[in-house]
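Report on the structure given below.
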Amino acid sequence: MIFPRASVYAITQTEHKSAEQVIFEVEAAIKGGIAVLQYRNKQTENHLYLAGALKELCVQANVMFIINDSATLAKQVGAEGVHIGKGDGRLDYARSILGKQAIIGVSCYNSVELACEAEKGSADYVAFGRFFPSASKPLAALADIETLTQAKKLLTIPIVAIGGILPSNGKVLLNAGADSLAVIGGIFDKNPYQAAGEYQLLFGNNT
């Protein structure tokens, strides 16, 4: 299993939304062309049910399904992998739970050094950000676009950019070295089908 390059990577927006609304919006985003879905939910209500329902949608559409934070939940629902950041546990621990074939992504914020360590530790992709003001991560430290360029020279695994990314500013990140764009509000604050399609257009010269 390989993490797809040149892809729109949607991350669920679950705050103040019912499970049914989240499922409806994800289904629309899938139809709009996303290649990867990360289930991110800081609440515990309906956790297992919602993760399972989204996994089924992704299976039907051949979309990669990643769980945020929890390797245990990823194993429970049969997700392709997990995304881990600070405080989410060690990469080797996640690998021991999910196995060699699982996709494991690691948040590296603005640190190329962290990214290099993650690659050596068997990460399948790394994520940098936030690059722009973000309603989903308003307190996250800003990352430098130059970090993408440096990382591209040193890494062989895919690079994901995240944080305030819009169709109007995403291209600069792709040109700097990002392979994929991870988006929350840019897709789920709007019509997810239409928004996903607008991001997909950014990859016209990058596929």
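The values are calculated or read from the model by the stated rules, or taken from the named source; none is laboratory data. Model, not experiment: these values are computed from the prediction. So basically every Cβ, Gly included, is an ideal-geometry build from the backbone, and we count neighbours across all protein chains shown.
Figures for the structure shown
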| read-out | value |
| --- | --- |
| Qualifying residues in region 68-99 (those that are of a type in the set (A, V, I, L, M, F, W, C) and touching a residue at least 24 places away in the same chain (Cβ under 8 Å)) - the one surrounded by the fewest Cβ atoms within 10 Å (Cβ to Cβ) | Ile97 |
| Considering residues of region 175-201 that are in contact (Cβ under 8 Å) with a residue 60 or more places away in the chain and among the hydrophobic types (A, V, I, L, M, F, W, C) only, the residue farthest from Ser7 (Cα to Cα) | Phe188 |
| Filtered residue count, region 37-52, keeping only those that are surrounded by 18 or more Cβ atoms within 10 Å (Cβ to Cβ), in contact with a helix residue (DSSP H, G or I) (Cβ under 9 Å, 6 or more places away or on another chain) and under 22 Å from Phe3 (Cα atoms) | 4 |
| Region 117-130, subset outside any strand (DSSP E or B) and touching an Asp or Glu at 6+ places or on another chain (Cβ under 8 Å), residue nearest to Gly81 (Cα to Cα) | Ser122 |
| Odd one out for Arg95 among (1) charged (D, E, K, R); (2) at pLDDT below 95; (3) outside any loop (DSSP other than H, G, I, E, B) | (2) |
| Residue list for region 98-112, filter: small (Gly, Ala, Ser) and in a loop (DSSP other than H, G, I, E, B) | Gly99, Ala102, Ser111 |
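Yes/no matrix, rows are residues, columns are (1) on the phi > 0 side of the Ramachandran plot; (2) in contact with a helix residue (DSSP H, G or I) (Cβ under 9 Å, 6 or more places away or on another chain):
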| residue | (1), (2) |
| --- | --- |
| Ile84 | no, yes |
| Ile104 | no, yes |
| Ala123 | no, yes |
| Leu139 | no, no |
| Leu142 | no, no |
| Leu155 | no, yes |
| Gly163 | yes, no |
| Leu174 | no, yes |
| Ala182 | no, no |
